[in-house]
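See below for the structure under consideration.
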2 protein chains.
Amino acid sequence: MSNQTEKIIKGGSFLIEDISYDRIFTPEDFSDEHVMIGKTAEDFVENKVLPQIEHLEHHEFDRTVKLLKEMGDLGLLAADVPEEFDGLGLDKITSSLITEKMSKAGGFSLSYGAHVGIGSLPIVLFGNDDQKRRYLPSLASGEKLAAYALTEPGSGSDALGAKTTARLNAAGTHYILNGEKQWITNAGFADVFVVYAKVDGEHFTAFIVEREFSGVSTGAEEKKMGIKSSSTRTLILEDVQVPVENLLGEFGKGHVIAFNILNIGRYKLAVGGVGGSKNAFEITVKYANGRKQFKTPIAQFNLTKEKFGTMASKIYAAESSVYRTIGLFEDNQGRLTEEEAKDIKKVANSIAEYAIECSLNKFFNSEVLDYVVDEGVQIHGGYGFMQEYAIERAYRDSRINRIFEGTNEINRLLVLGTYLRKAMKGELPLFQKAMALQEELMMLMPEEPGDEPLAQEKYLVKNAKKIGLLAAGLAAQKYGKAIEKEQEIFVNIADIVSNAYAMESVVLRTEKAIAKEGLEKSKQKLLYTQIFCQEAFNQIEQDAKETLVAVEHGDTLRMMMSALRKFTRHTPINVIAKKREAADVLIEAERYIV
Amino acid sequence: MSNQTEKIIKGGSFLIEDISYDRIFTPEDFSDEHVMIGKTAEDFVENKVLPQIEHLEHHEFDRTVKLLKEMGDLGLLAADVPEEFDGLGLDKITSSLITEKMSKAGGFSLSYGAHVGIGSLPIVLFGNDDQKRRYLPSLASGEKLAAYALTEPGSGSDALGAKTTARLNAAGTHYILNGEKQWITNAGFADVFVVYAKVDGEHFTAFIVEREFSGVSTGAEEKKMGIKSSSTRTLILEDVQVPVENLLGEFGKGHVIAFNILNIGRYKLAVGGVGGSKNAFEITVKYANGRKQFKTPIAQFNLTKEKFGTMASKIYAAESSVYRTIGLFEDNQGRLTEEEAKDIKKVANSIAEYAIECSLNKFFNSEVLDYVVDEGVQIHGGYGFMQEYAIERAYRDSRINRIFEGTNEINRLLVLGTYLRKAMKGELPLFQKAMALQEELMMLMPEEPGDEPLAQEKYLVKNAKKIGLLAAGLAAQKYGKAIEKEQEIFVNIADIVSNAYAMESVVLRTEKAIAKEGLEKSKQKLLYTQIFCQEAFNQIEQDAKETLVAVEHGDTLRMMMSALRKFTRHTPINVIAKKREAADVLIEAERYIV
Ligand SMILES: Cc1cc2nc3c(=O)[nH]c(=O)nc-3n(C[C@H](O)[C@H](O)[C@H](O)COP(=O)(O)OP(=O)(O)OC[C@H]3O[C@@H](n4cnc5c(N)ncnc54)[C@H](O)[C@@H]3O)c2cc1C
Ligand SMILES: Cc1cc2nc3c(=O)[nH]c(=O)nc-3n(C[C@H](O)[C@H](O)[C@H](O)COP(=O)(O)OP(=O)(O)OC[C@H]3O[C@@H](n4cnc5c(N)ncnc54)[C@H](O)[C@@H]3O)c2cc1C
């Protein structure tokens, strides 16, 4: 996929540019090696983790530590760590696929994820050679475990509002850290914490703090709704002496690390959501095949089929979007020379490039997961409310995903915020494209897409993007700098853009599959694509209407509404019939398949 | 409200008839006595139940029994029991208001609800004088506690698929019951169970079974996702000898009792949902006023305001719908003479009359509740995931409401099912009205509602009903008897009808309030009405489109889509602005107010 001779795909550019399917990564592009490592992770969960899950849910974290060490022995913690530091230095796709497979393990997958992800990556990506040498080998092997400590009781979304302080001691050898970091995943057993503190109450900076340092302690385990297999505690820092060598990245630039690690955390959460959704789907379809009411397996009721069709088409959208995004990362970061990969700014920029996509994936996929587990419970009926059934835990475990790694609200706000910044800086010709579109409106003629497969869906994608651009352009014009306050508009635009991204991702993936495998073998993908595009487009229409009515009035509003009508006019497909068709295959397979 | 000289309002008739606001009951019509009893219940929860909630959540059911006895002493268990049998014989509104207020107590409110509702009502409504004399006084006082045992491991939605058997002994003095009833609320401590069993494996019949009878036992407490303060166990019946005098209602007519009690259970669940929603709202708005991020109380972010505006407008819809429905019951049952009230068929018919409204309320209000608690968690951020915070429990407690008293799927299916039956039997001129509407379509001209308050909303209500009727009529024509299989269409029509009912309920309530109190004092109600009607109508449009595309094709489809466009054409209001306005009042009040 990654064609190094072509220019990189700019972050957010999908809204204003077309792209051909051969430039995007899809799960059909997994190599044999990817599949093999994925299988290793899957087997590990099945054979090692799930049999102990009740113990893990009851906070027997010695088991967690042991399991993670075993994962280390299998190489499952080393994918993102460079070979130079005893890692495997594999591509982003590998570590993502492991994350997807691990998610079946519920809370334990968080222990894994926080360690290899937000815990270790700050050192992998932003550590200096000395720090990498000191920490990475033992993190890659699972000998030492890591955590990421940003949040505080008073600062969550407003991470930079942290109160934890650092000051250099008189000798200039150590920073003295004081403060409390709240809800730190892995805090119960982690050895290494990446801690953010303000030097002299001002310069936000990252530090590598070891549990062994004196003055480090942790609070009691939190009692949580779900992911009970994961450890969540307060990290207490009382006059902790951190050697100056443990300052991570640049002085006063902790936010560069914090936010870029969150970007990665977001797509990892999104890919974990795909794994969780597939798992919940499988549990549920199996249950529905087995449970009879009115002398009929409940899977055979058309209403249940409707649910399976919807769930699977959403999973397909989530899966297509996130692997496309991971492909972008791989393509971009794969281009960094060894030298560049040690340049903090270059690394940071290569991550920040796709901040929009990371946010889109984060909120979209976590909402698909919540949707799927919710329907999973519902299809289980009363059994779904009973802790004996795996879907009950899946429901509770899922809910946190819309809250951490930036709440879904914060991630929605970031989408237009980042677009506007990119436009301002001239990185994306957003305003120009928006102006051009407005001029085009007057002569707009409704088009008729052809009859060939995907013709209608491509047409909807094209118009979805135009609607997003139109709404964003009008809002930017109307409010100017004051737009910050119009959060509802931000959210609507984020939803439009997110649906457009997901629609395009499924269309391109299916198109690629058809080109490779033919139509016959791609029928299920085509069904998902048709269902998802139709439903996402309906949602876009609603969001756009609400936005236009809020932004415009009088004649302009009338004109814009009429433009919107032209953009949205199409003959809807019969999603009910398509869902039945898709469901029949799923019920037969007893799991999500494409 | 109840005007006994006018004809009763027929169940389901709202879809094809207009009604004036003075014929509907609204919360503004509560009498002083209603308010007083509501206050008693509220104080009881606040002062007696909530302080012990942690104990109750840990299954200390001796406390539950004691609390219920105290409620009995206060008269809070006696509202629905006739005075003749030591009850208070109050109206339906009173017991509903108590239910609303109790819901703040989470799982305990289920213990209360199962006792006074599905547990006691079978005897209140369908018992003979002897049975009433033997059981009701002690149930009304809380000396004895009741439960309702219909579900079995293999039969939930398909209640008539029960396997529990009864056979008359040789002496003809006792029925011998054998079987297992699953997930019986209150089973841990109830003294009296209304049990459904098939005599000779065939004749579905209700029995009053006492725990004291030999052969009665219960299984272990279930481990549930939520409502942990309620007891849920299997009721095991092994050669239980039930005196023939304890056969309840008519032999072989157990379903008349089972289903009509469920109808009542549905509106009670719906009114409980209103109480739960208000409680979750209050917890959340208080939290949001206290929590600062970015130096701002999070309640002040426009995005939070958007959420509050949506939540409150939905609560208003749920509240308006359910009290309207309870008013229908009160009006209808209040007309039964003392004699008629002892006639099982008359009682059953007076309940079954509003089966459609009960189902609509059940699924609509339980989904509003789930929506509100979900946003409640979200607004709490990470704190919403912590068991220390009341919203965490509210989230888990809420989920069951979409499952029991008939799953929301089953209740949705019942709507059109019941309509078609009523139409077939000539109880409602549904087909005639649908035909007339189809003929009207050709000459349809889009109308322009006026500018006065509620004009637009009334216009939307009128068209919402027409859309519902159109969709139902077309589906009935197209599929004929085979319509049973088209469950997706049933669901869409149920959603249209449900939204139409809720829209009409808020419009009439607000209109009534304006007539009584003037516009100025009704501003908040007007805002909710505008917001809710706009959003519900959008949903109706989507559901109708999907339905038309599934039912029709070719020229007819084109004609119907064009009719739909005419029905749906209107200038949308700016819901974003309205929600901000509504939210400002709510944030100031720190709770849901109207
Ligand atoms: C189980 C668990 C594990 C966690 N693990 C870690 C970890 O390992 N490391 C770590 O550092 N942190 C961790 N966190 C913290 C997590 O990242 C935060 O909970 C999250 O960032 C949200 O912050 P908050 O909870 O303080 O919510 P708040 O920031 O208080 O937000 C509350 C509500 O206000 C909204 N809001 C906030 N600001 C705005 C705004 N400007 N505009 C509109 N709405 C706004 C939010 O969307 C949310 O709905 C964890 C949390 C949990 C619950
Ligand atoms: C905490 C709790 C308390 C309860 N308390 C009581 C009580 O006090 N007394 C009592 O008698 N019962 C009680 N119940 C049982 C409750 O009423 C049932 O759980 C409910 O009726 C659903 O039945 P089920 O769980 O067997 O689900 P099922 O009937 O197996 O349904 C499973 C799924 O299939 C769907 N489905 C079923 N039939 C159809 C169809 N024809 N078409 C389309 N979809 C269909 C359902 O909607 C659901 O999504 C309780 C349950 C719980 C969990």
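Of the helices (runs of 4 or more DSSP H) lying entirely inside region B:338-422, those carrying at least 2 residues that are β-branched (Val, Ile, Thr) and more than 30 Å from residue A:393 (Cα to Cα) are B:344-352. The one condition from (1) outside any loop (DSSP other than H, G, I, E, B); (2) touching a residue at least 12 places away in the same chain (Cβ under 8 Å) that residue B:134 does not meet is (2). For region B:202-218, what are the residues that are closer than 16 Å to residue B:250 by Cα and either of a type in the set (Gly, Ala, Ser) or open to solvent by 40 Å² or more (accessible area, probe 1.4 Å) (or both)? Selection gives B:202, B:203, B:206.
Within region A:570-586, not a single residue is over 23 Å from residue A:531 (Cβ atoms), more than 9 Å from chain B (Cβ to nearest Cβ), touching a residue at least 12 places away in the same chain (Cβ under 8 Å) and open to solvent by 10 Å² or more (accessible area, probe 1.4 Å).
Annotation: of all residues in region A:272-302 being within 33 Å of the chain's Cα centre (by Cα) and of a type in the set (Ser, Thr, Tyr), the one that is farthest from residue B:485 (Cα to Cα) is A:277. You will find that of B:414, B:420, B:430, B:441, the residue that is of a type outside the set (S, T, N, Q), outside the structural domain of residue B:357 (by TED's automatic domain parsing) and closer than 17 Å to residue B:564 by Cβ is B:441 and no other. Can you work out which of the residues in region A:372-394 that are open to solvent by 10 Å² or more (accessible area, probe 1.4 Å) and under 26 Å from residue A:118 (Cα atoms) is nearest to the other protein chains (Cβ to nearest Cβ)? Looking at residues that are open to solvent by 10 Å² or more (accessible area, probe 1.4 Å) and under 26 Å from residue A:118 (Cα atoms), I get A:393. Evaluation of residue A:464 against the conditions (1) closer than 27 Å to residue B:560 by Cβ; (2) open to solvent by less than 20 Å² (accessible area, probe 1.4 Å); (3) within 14 Å of another protein chain (Cβ to nearest Cβ) shows that the sole unmet condition is (3).
So that you can scan it fast, the table gives a plain yes or no per residue for (1) surrounded by fewer than 24 Cβ atoms within 10 Å (Cβ to Cβ); (2) more than 20 Å from residue B:250 (Cβ to Cβ):
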{"site": "B:91", "(1), (2)": "yes, yes"}
{"site": "B:98", "(1), (2)": "no, yes"}
{"site": "B:104", "(1), (2)": "no, yes"}
{"site": "B:115", "(1), (2)": "no, yes"}
{"site": "B:129", "(1), (2)": "yes, no"}
{"site": "B:132", "(1), (2)": "yes, no"}
{"site": "B:161", "(1), (2)": "yes, yes"}
{"site": "B:170", "(1), (2)": "yes, yes"}
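Taking region B:309-330, which residues are more than 28 Å from residue B:580 (Cα to Cα) and of a type outside the set (Asp, Glu)? Selection gives B:325, B:326, B:327, B:328, B:329. Somewhere in region B:501-521, is a residue assigned to a helix (DSSP H, G or I) and within 14 Å of another protein chain (Cβ to nearest Cβ)? Checked region B:501-521: no residue is assigned to a helix (DSSP H, G or I) and within 14 Å of another protein chain (Cβ to nearest Cβ).
Residues that are part of a helix (DSSP H, G or I), at pLDDT below 95 and surrounded by fewer than 22 Cβ atoms within 10 Å (Cβ to Cβ) occur in region A:440-458; there is at least one. State which residue is nearest to residue B:304 (Cα to Cα) when the search covers only region A:173-186 and only residues that are away from chain B (no Cβ under 14 Å) and open to solvent by less than 30 Å² (accessible area, probe 1.4 Å). Checking each candidate, the answer is A:179.
Evaluation of residue A:352 against the conditions (1) touching a helix residue (DSSP H, G or I) at 6+ places or on another chain (Cβ under 7 Å); (2) within 14 Å of chain B (Cβ to nearest Cβ); (3) among the small types (Gly, Ala, Ser) shows that the sole unmet condition is (2).
Output the residues belonging to region A:157-181 that are under 30 Å from residue B:380 (Cα atoms) and touching a residue at least 60 places away in the same chain (Cβ under 8 Å). Correct list: A:157, A:159, A:160, A:164, A:166, A:177, A:178. Here is the figure for region A:350-393: residues that are more than 15 Å from ligand 1 (Cβ to nearest atom) and within 24 Å of residue B:154 (Cα to Cα) total 20.
Apart from one condition, residue B:525 fits all of (1) more than 30 Å from residue A:300 (Cβ to Cβ); (2) surrounded by fewer than 22 Cβ atoms within 10 Å (Cβ to Cβ); the exception is (2). Of the residues making up region B:232-268, those that are of a type outside the set (Lys, Arg) and within 14 Å of chain A (Cβ to nearest Cβ) are B:232, B:234. For region A:135-167, a tally of residues being away from ligand 1 (no atom under 12 Å from the Cβ) and acidic (Asp, Glu) returns 1. Of the residues that sit in region A:188-215 and are out of contact with any Ser or Thr (no Cβ under 7 Å at 6 or more places or on another chain) and under 19 Å from residue A:61 (Cα atoms), which one is farthest from the other protein chains (Cβ to nearest Cβ)? The selected residue is A:212. Residues in region A:424-439 that are without any contact (Cβ under 8 Å) to a residue 24 or more places away in the chain and in a helix (DSSP H, G or I) were compared, and the one that is farthest from residue A:529 (Cα to Cα) is A:424.
Looking at this structure, is residue B:270 of a type in the set (Gly, Ala, Ser), crowded, with 24+ Cβ neighbours inside 10 Å and over 21 Å from residue B:126 (Cβ atoms)? Answer is yes for this residue. If you take the residues of region B:273-292 that are open to solvent by 10 Å² or more (accessible area, probe 1.4 Å) and more than 27 Å from residue B:362 (Cα to Cα), which of them is farthest from ligand 1 (Cβ to nearest atom)? Among those that are open to solvent by 10 Å² or more (accessible area, probe 1.4 Å) and more than 27 Å from residue B:362 (Cα to Cα), it is B:286.
Residue selection: residue A:477 satisfies the criterion of being open to solvent by 10 Å² or more (accessible area, probe 1.4 Å), closer than 24 Å to residue A:553 by Cβ and away from ligand 2 (no atom under 16 Å from the Cβ). Within region A:495-519, the set of residues being closer than 16 Å to residue A:463 by Cα and either aliphatic (A, V, I, L, M) or outside the structural domain of residue A:534 (by TED's automatic domain parsing) (or both) comprises A:496, A:497, A:500, A:502, A:503, A:506, A:507, A:508.
Provide a single number: the residues in region A:295-340 that are within 16 Å of ligand 2 (Cβ to nearest atom), open to solvent by 10 Å² or more (accessible area, probe 1.4 Å) and in contact with a helix residue (DSSP H, G or I) (Cβ under 7 Å, 6 or more places away or on another chain). Counting residues in region A:295-340 that are within 16 Å of ligand 2 (Cβ to nearest atom), open to solvent by 10 Å² or more (accessible area, probe 1.4 Å) and in contact with a helix residue (DSSP H, G or I) (Cβ under 7 Å, 6 or more places away or on another chain) gives 9.
Looking across region B:395-413, the residues that are more than 16 Å from residue B:368 (Cα to Cα) and surrounded by 24 or more Cβ atoms within 10 Å (Cβ to Cβ) come down to B:405, B:406. Residue B:217 meets all of the listed conditions (1) away from ligand 1 (no atom under 16 Å from the Cβ); (2) assigned by TED's automatic domain parsing to the domain that holds residue B:322 but one, namely (2).
The values are calculated or read from the model by the stated rules, or taken from the named source; none is laboratory data. Just so we're clear, the structure is a prediction, and the values are computed from it rather than from any experiment. Every residue, glycine as well, gets a Cβ built from its backbone with ideal geometry; the counts of neighbours run over all protein chains shown. Quick note on the areas: whole protein, heavy atoms, side chains included, nothing else; ligands and nucleic acids left out. Shrake-Rupley method; radii C 1.70, N 1.55, O 1.52, S 1.80 Å.
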